[in-house]
1. Provide the packing ranking of 166-178, 184-196, 68-80, i.e. peptides ordered by the mean count of other C-beta atoms within 10 Å per residue, highest first.
2. Given the DSSP H assignment, sum -39500 (n - 2.57) over each helix run of at least 4 residues in the chain and divide by its residue total; what's the result at 222 nm in deg cm²/dmol, nearest 500?
3. Based on alpha-carbon centroids, what's the gap between segment 44-79 and segment 174-193 in Å, whole number please?
4. Straight-line reach from Lys78: which aspartates and glutamates have a Cα under 16 Å away, not including same-chain ones fewer than 8 places off?
5. Identify all lysines with a Cα-Cα distance to Lys250 below 29 Å; exclude those on the same chain that are fewer than 8 residues away in sequence.
Amino acid sequence: MTAYSSLAAWYDELTRDVPYPAFADYYEGLFRARGGETGLILDLCCGTGSLACLMAARGYDVIAADASADMLMSAREKASALGVGKMPLFINQSAQELDLYGTVDAAVCCLDSLNYLTSPKDVQRTFQRLHLFIAPGGLLVFDILSLSGLQELDGQVFLDEREDVYCVWRADFEKRSRICTYWMDIFTQREDGAWDRNIEEHRERAYEVEELRTWLMEAGFTHVRTYGDCRMSAPREGARRICFTAIRGKE
C-alpha cells in the first residue's frame, strides 16, 4: 500500500505532539537573521499542511508541495476549516520533480522528509530543483534523522493509541543500505463499532552530513551550516536530528 494513503486521515491525530509553532518560530528567526524580505516561502513535503497553515496565518505567502494526494486533501480541508487568511497554494509534486512558476524567497522541509528519498540521486535532484526555484540569496532549511537516530530504531515496536485509531508500527534498520523500514498496522473504528485494518510500509534512508553538504554545494548552495535539532548550536556526537541551512548562491 502507498505510504500515507490510509495514514493521511489520521496523521494529525497521531502526531499531536509535533511542535509546529516551535518550528515556525525557528524558521522566522532564521529569516530575520538572513535579512531582506521573506514573503513567499515553499513548504516542501508539506504533509497535512499544519506548518503551511501556521506560516500563512503569520502573514507569509506559502506554496505547499507534497507527493501524496491523500495528505494534500487533508491539508486543503484543514486550511479551509481554519479560515487561513492567505490560503496556501497546495501542489501535488514530489521533491525531486519540483516545478514552480517562479522563485520563492525561502524553502523549508521539516520532520525528516528528506530521509524518505531513499535514492541518493533523488536527493541530489531535489537540491538541484530547489536551487532552480529559490531566488538568489534565498534560504533553504531542512532537517534529517541522523544515521544513529535511525539505527536506534532497529527492532523496536511502537504503539500510538487514540479514541478511534490504533497504530502499531515496528522498525527494521538494514546497515548495508542504511534504510530503515517501518511497517504500520492502522486500526480504525467504524460507526458500528467494528474495526478496519490497513497496512502501510514506510522507508527512510540515513545520509551522512558530509555527503549532504557536498551535494548541496554541487547544486550551487553556499554557507552550508548544521545545527543540533533546530537549535543554534552545532550537532552533538550521536545527535538524533540535525538541521541544515544553506544559501542559494548568487550568480
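1. Highest-to-lowest ranking by the protection proxy: 68-80, 166-178, 184-196.
2. -8500 deg cm²/dmol, from helical runs alone.
3. 23 Å
4. Asp12, Glu13, Asp43, Asp66, Asp70
5. The qualifying lysines are Lys121.
Read the figures in this text as sums done on the coordinates, not as results from a lab. Everything numeric in this text was worked out from a predicted model, so none of it was measured. Neighbour counts are summed over all protein chains in view; Cβ atoms, including those assigned to glycine, are modelled from backbone coordinates with ideal geometry.
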